[in-house]
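Asker: Please see the structure below; I have some questions.
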Amino acid sequence: MPYIESVTCPVCGCLCDDIRLRIEAGKIVEVKNGCAMCESKFLGYCGEHRLSKPLLRKNGELVEVSLNEAVKKAAEILTEANYPLLYGWSSTSCEATRVGLELAEEVGGVIDNTSTVCHGPSVLSVQDIGIPSCTLGQVRHRADLVIYWGCDPWSAHPRHIERYTSFSEGRFEKSEWKGYLSKTKALIVKKKIEKALKRVFARQAPSLSPSVRREPPPTLFKQGRKMIVVDVRRTRSAETADYFIQVEPNKDYELLEALRLLVRDEELEVEEVAGIPVAYLEEVADLMIRCNFGALFFGLGLTMSRGKMRNIDAALSLVRDLNTRTKFTIMPMRGHFNVSGADTVFTWQTGYPYAVDFSLCYPRYNPGETSAVDVLLRGETDASLIVASDPVSNFPRKAAEHLVKNPLIVIDPHMNATAQMGDVVIPSALVGVEVEGTAYRMDHVPLPLKKVVEPPEGLISDEEILRKILSEVRKIKTGKTEES
Amino acid sequence: MKNVSDHRAKKIDVSGMIVMPGGVDIHSHIAGSEVNTGRLLRPEDHFKDSECKTSVTRSGVGYSIPSTFTTGYRYARMGYTTVMNPSMPPLEAKHTHEELNDIPMIDKATYPLLGDWWFVLEYLSQGNIEELARHVAWMISSTKGYAIKIVNPGGLEAWGFGHNVTSLDDQIPHFCITPREIILGLCRVNKLLNLPHSVHLHTNNLGKPGNYATALETMKCVEKLANGEKPVLHITHCQFSAFTGDDWRTLGSGAEEIAKYLNGHSHITIDMGQVIFTDTTTMTADGPFQFGLYGLTGNKWVNHDVETETSAGIVPFHYRKKSFAHATQWSIGLELALLVKDPWKIYMTTDHPNGGPFTAYPKIVAWLTSKKARKATLKKINPKARSRSLLPSIDRELGFYELAIMTRAGQAKALGLKHKGHLGVGADADIAVYNVNPHKTDPSKEYKKIRKAFKHAAYTIKSGRVVVKNGEVLTPVEGATIWLDVKVSDPFKVTADMKRRFREYWTVEYDNYPVTDHYLEISQPIPVKADV
């Protein structure tokens, strides 16, 4: 059986599109090039939690119904509601989001995507400051300094380093993979020597390497790519880095502003910032200025710790300032595979990336007022449609309570916590596995998602389900106007 | 007209009105990644301008970067039916096409940015024009593009490491080639491929005082490729490339020199890039220029470099009447339009949204057709700019026929769109009707009436259907996406080597790169037979 080549992986924001799959008898049996998350998605998507039939809550129990009945009920709920919430969108295709926006406009609801609880603050900062960014290939070809701040790509975006940054082979910068291997080997040897010494000298074991080396090592000033990780804990990515800066929790803002001052050649009149001696920071600032092309990637460690959007303000300003001295770019590490796509489609149709309110017949945007968590906390919504997301398990408790109190429609391939609380549950085919679509990588590069196997019988895509609901809503509305 | 049955055809009484072909816009940023990032960047731009959903139209927002549906409606309300989106990073072409699908009412096409593509730089430095032509053909067809777009040739590659080029003969770092060779090479490729439009160029040194010399040098450098009446190069938003002076204080107009050159040569066409006094959003693929603009204004700044291909930048900008530089720019645009004698050589644009939003076109119409309208604005602008402006010395006022050429016929001709910009046999039934009686109205005196009429078309007819009446959208229709299906006799083979090279240059796989038919809701390919 031949392989299917160049499949795009619908898991994280890296959207690796070089996956090879072997299909046998309509099933995926082998995944090549993928990371662990990719493998588990392609091999385990049909697990025990997969939904197969539309469900409707009758007398407190979810019972199986036909798709038409479920769609009708969903349309009724949405038409009757004064202020429905349509939430999710980051794990489905742009095509589905397009229909979702039309539906939200039709029913005069508020529509929001998961950016609201992850990189929402980043968007707000970009709207204040702008963002000097690039596509990931630019980093691969040119970056000689890569900084990961408040994120752990080794675990959360496992192929990010390999495909796009330090371990990738670019035109002007080469892969540091070999350097990393020899470093790892040296570490193993070191540990062995330590052990041997321990055995020889019984108790007084001389420590060769302190566990956290805080001073910038001389290797940081070598030719070629350098990688710095800034985080509150020593992650796997930090192990990989040339230099690890352990920032005190909730002190990122101070650290970023200190670096900003140093980059602008100001003097800092303190000994330490965020637990790091200023002398070390001076060296880091120097390195940032001296590089040919720097790239800073940041994650939720920055957006969701104290300061939130102010942290991002500082990071964006730092990178913007650096551009007067050298070339520097910055990029958020987006989590869901199509959260960038959801933002993108929202923006082209409404002008705003998330938290869009259609209750006045035109798009309104005011995060904090029109964002999902806030409308739920204020108890304003009277029905919800959740697509490809699980807010019950990760929204604040009060918000989730209000969500489940009112009629709740869920479109999802799996039985998640939200689906269990749903009144109408419509199972969908998995985009990128069973149906095709489009997704946007974290750097806004659009990639096609492939259909590699047939969906289970009776299952259709999110897009088709939403279209059915939309046409049903329109039918009910025209019926009503004719009556009156 | 043939095969129209009298009793079935709908009759519209347009006596006492101006009937023109539907408007054609040769250069307007309406879709794609930079436009959309501009939308995202500026919620404050939308707050003051929103459109409600109606029973037939979708809701949306303006102002300088309207959302997709609103863009389509606003163009149609002014009687425009065809719009060219001028800058598409090939890697992000799918995004541009997805957005174009959501722009109703108008036919559209888009130009891929090819000037700093590594393949172009490499083949040109090897002198391998034919092989390059094959690759460009592949690129245009697989991104569903319409013309070769070059932006600040060489400058964008240099911007990859934060540098720029400053003349046609600067060496581009790492590639042993100059901007002049890129322009010449791609003009040759354009000719080899028989593309309907000429090469579409945003010049080097754009937006810098003294750059009219670069613009003139660029025009001269392709002189030897001139071939009869068919232009070889289109210099876009020429106003931004027509500055004299050494710095912003000594800024002046190079319109006279450029017009003089254009009046004596026929291998170049240009569009205005007129400045409107308003708050707008500048966005170009010219990354270094946008960074300069950020330095000048201190406004928020977005940069987006695209691997192997191009870059982009966005900075909000407010053109003020009382600013010497802005007022001078305003004057330069109009001087160009009035001093170039042949309206087939210069077209009306604002380089939307760079000079101002396209919704300001009626203002430009008034300025072009009425000296009185120009005077009224001149009175209000910066006195130093006023005293240096050439406008008071120009008496020319365009007639409606000249206006029709500058706003549709000329643009369609330059684009090689045979079915647009005229009302003859073979044209699409795209028609605009404006409520002005050309026999009774003197545009020179009644410019306010003209402005009003061109703001809201009495009728816009798209593909034979009345879609707008008195400035209101009656029926939303989908427009087609026009693209070139370039046929070369010996297309390059997609070998394993090619795929490997692809994988090295980009971070996506070869198979996932092309824009498939799935991304074009209404696809209108134009077959082109190339000479290679």
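Taken together, the values in this text are just the output of simple stated rules run on the coordinates, not laboratory data. No experiment lies behind these values; they were computed from the predicted model shown. Ideal geometry is used to build each Cβ from the backbone, glycine not excepted, and the neighbour counts take in all protein chains shown.
Asker: Once you place label points 7 Å from the Cα toward the Cβ at B:Ser393 and A:Asn59, how far apart are they in nm?
Answerer: Each label point lies 7 Å from its Cα, and together they span 9.4 nm.
Asker: Kirkwood hydrodynamic radius, region B:18-529, all distinct C-alpha pairs: what's the number in Å?
Answerer: 22.7 Å
Asker: Under 14 Å from a point 7 Å along the Cα-to-Cβ line of B:Tyr510: which residues of region B:139-165 have their amide N that close?
Answerer: Residues passing the 14 Å test: B:139.
Asker: Where the only charges are on Cβ atoms (+1 Lys, Arg; -1 Asp, Glu), what is the dipole of region A:120-332 about its Cα centre, to the nearest 20 debye?
Answerer: 1480 debye
Asker: Mind checking the log10 I(q)/I(0) for region A:388-446 at q = 0.14, 0.18 Å⁻¹? Debye, one equal scatterer per Cα, no solvent, two decimals.
Answerer: Debye output, listed in q order: -0.50, -0.71.
Asker: First measure r as the distance between the Cβ atoms of B:Lys341 and B:Asp246, then evaluate 1/(1 + (r/R0)^6) with R0 = 35 Å and state the FRET efficiency to the nearest 0.05.
Answerer: The calculated FRET efficiency here is 0.70.
Asker: Let me ask something additional. Which pairs, out of A:Lys185/A:Lys251; B:Lys94/B:Lys499; A:Lys308/A:Lys398, put more than 24 Å between their alpha-carbon atoms?
Answerer: Table pairs above 24 Å Cα-Cα are A:Lys185/A:Lys251.
Asker: Can you give the mean number of other chain Cβ atoms that lie within 10 Å of the Cβ atoms in peptide B:58-66?
Answerer: That works out to 4 on average.
Asker: Taking amide H positions as placed in the peptide plane 1.01 Å from N, state which residues far from A:Leu385 in sequence (5 or more) or on other chains have amide H under 5 Å from it.
Answerer: For A:Leu385, the qualifying residues are A:Leu85, A:Leu86, A:Tyr87, A:Ile409.
Asker: Per 10 Å bin from zero, what fraction in whole % of the C-alpha pairs of chain A is there, up to the bin with the longest pair?
Answerer: 4, 18, 26, 23, 16, 9, 3, 1, 0, 0
Asker: From other protein chains only, count the Cβ atoms within 10 Å of every residue's Cβ in B:509-517, then give the mean.
Answerer: 4
Asker: Quickly rank B:108-118, A:33-43, A:290-300, B:406-416 as a protection proxy: mean count of other C-beta atoms within 10 Å, highest first.
Answerer: B:108-118, B:406-416, A:290-300, A:33-43
Asker: While we're on this one: Please label the shape of region B:394-493 as rounded, prolate or oblate, based on the square roots a ≥ b ≥ c of the eigenvalues of the alpha-carbon gyration tensor (a/c under 1.5 means rounded; beyond that, a/b larger than b/c means prolate, else oblate).
Answerer: Oblate, because a/c is 1.5 or more while a/b does not exceed b/c.
Asker: Given A:Lys451/B:Lys144; B:Lys108/B:Lys372; B:Lys224/B:Lys341; B:Lys300/B:Lys384, which pairs have Cα atoms separated by over 27 Å?
Answerer: B:Lys108/B:Lys372; B:Lys300/B:Lys384
Asker: Using a Förster radius of 56 Å, what is the FRET efficiency between A:Ser40 and B:Lys220 based on their Cβ-Cβ separation? Nearest 0.05, please.
Answerer: 0.35
Asker: Here is a follow-up. In peptide B:39-46, how many Cβ atoms from other protein chains are near each Cβ within 10 Å, on average?
Answerer: Mean number of neighbouring Cβ atoms from other chains: 6.
Asker: A follow-up question, please. Once you order the gyration tensor axes a ≥ b ≥ c over the Cα atoms, which shape class does region A:141-191 get: rounded for a/c under 1.5, otherwise prolate or oblate by comparing a/b with b/c?
Answerer: oblate
Asker: Another question, then. Compute the projected area of the convex hull of the Cα atoms of region A:116-267, averaged over all viewing directions, and report it in nm² to one decimal place.
Answerer: Projected area, direction-averaged: 12.1 nm².
Asker: Something else about it: Which chymotrypsin sites (Phe, Trp or Tyr not before Pro) does region B:432-532 hold that lie in a coil by DSSP with at most 13 other beta carbons within 10 Å?
Answerer: Of the chymotrypsin sites (Phe, Trp or Tyr not before Pro), the ones in loops of region B:432-532 whose Cβ has at most 13 other Cβ atoms within 10 Å are B:Phe492.
Asker: Here is a follow-up. Can you classify region A:206-343 as rounded, prolate or oblate using the Cα gyration tensor, where a ≥ b ≥ c are the square roots of its eigenvalues, rounded means a/c under 1.5, and otherwise it's prolate if a/b beats b/c and oblate if not?
Answerer: rounded
Asker: Another question about this same structure. Compute the label zone of A:Ser484 within region A:67-104: residues whose backbone N is under 13 Å from the point 7 Å along Cα-to-Cβ.
Answerer: Taking a point 7 Å out along Cα→Cβ of A:Ser484, the residues of region A:67-104 whose backbone N falls under 13 Å are A:80.
Asker: Calculate, axis by axis, the spread of Cα positions in region B:175-255 along the three principal axes, and write the results as whole Å, longest axis first.
Answerer: Here the Cα extents, ordered largest to smallest, are 44, 33, 18 Å.
Asker: Also, quick follow-up: I need the trypsin sites (Lys or Arg not before Pro) found in region B:1-84, filtered to DSSP loop residues with at most 15 other beta carbons within 10 Å of theirs.
Answerer: The qualifying sites are B:Lys2, B:Arg8, B:Lys10, B:Lys11, B:Lys48.
Asker: Could I ask something else about it? Using label points projected 7 Å from each Cα along Cα→Cβ, tell me how many nm separate B:Glu521 and B:Thr475, to one decimal.
Answerer: Output for this residue pair reads 1.6 nm.
Asker: Using a 4.7 Å cut-off between beta carbons, which cysteines in chain B end up with no partner cysteine at all?
Answerer: Among the cysteines of chain B, those whose Cβ sits 4.7 Å or more from every other are B:Cys176, B:Cys187, B:Cys221, B:Cys238.
Asker: Shifting gears a bit: Select from chain A the helices, each a whole stretch of DSSP H, whose alpha-carbon atoms run 30 Å or more along the helix axis and whose Kyte-Doolittle mean is at least -0.5; answer none if there are none.
Answerer: Answer set is A:177-200.
Asker: At q = 0.10 Å⁻¹, what is the base-10 log of I(q)/I(0) for region B:263-388 according to the Debye formula with one equal point scatterer per Cα and no solvent? Please give it to two decimals.
Answerer: Reported log10 I(q)/I(0), two decimals: -0.36.
Asker: Here's a follow-up. On average, how much area does the Cα convex hull of the protein assembly as shown cover when viewed from any direction, in nm²?
Answerer: 46.2 nm²
Asker: Right, here's the next one. I'd like the per residue volume of the convex hull spanned by the Cα atoms of region B:351-425, given in cubic angstrom.
Answerer: Convex hull of Cα atoms, per residue: 120 Å³.
Asker: Next question. Residues with beta-carbon under 12 Å from that of A:Gly307, excluding A:Gly307: net charge, scoring Lys, Arg +1 and Asp, Glu -1?
Answerer: 0
Asker: Moving on to the next point. Could you tell me which residue out of A:Met37, A:Val63, A:Pro84 lies farthest along the dipole of region A:18-90 toward its positive end? Charges go on the beta carbon: Lys and Arg +1, Asp and Glu -1, centred on the Cα centre.
Answerer: Farthest towards the positive end: A:Met37.
Asker: Output the peptides B:350-356, A:102-108 sorted from most to least packed, where packing is the average of other Cβ atoms within 10 Å over each peptide's residues.
Answerer: By packing density, highest mean first, the sequence is B:350-356, A:102-108.
Asker: Quick check: pseudo-label points 7 Å beyond the Cα along Cα→Cβ at B:Ser444 and A:Arg378, how many nm apart are they?
Answerer: 5.9 nm
Asker: Right, here's the next one. Taking amide H positions as placed 1.01 Å from N in the peptide plane, with prolines and chain starts having none, which residues 5 or more places from B:Val528, or on another chain, fall under 5 Å of its amide H?
Answerer: For B:Val528, the qualifying residues are B:Asp485, B:Val486, B:Lys487.
Asker: Fully extended, how many nm does the chain gain between B:Asn299 and B:Glu131 (0.36 nm per residue separation, minus their Cα-Cα distance)?
Answerer: My answer for the length gained is 56.2 nm.
Asker: Under 18 Å from a label point 7 Å along Cα→Cβ of A:Arg20: give me every residue in region B:495-517 with its amide N that close.
Answerer: B:495-504, B:508-512
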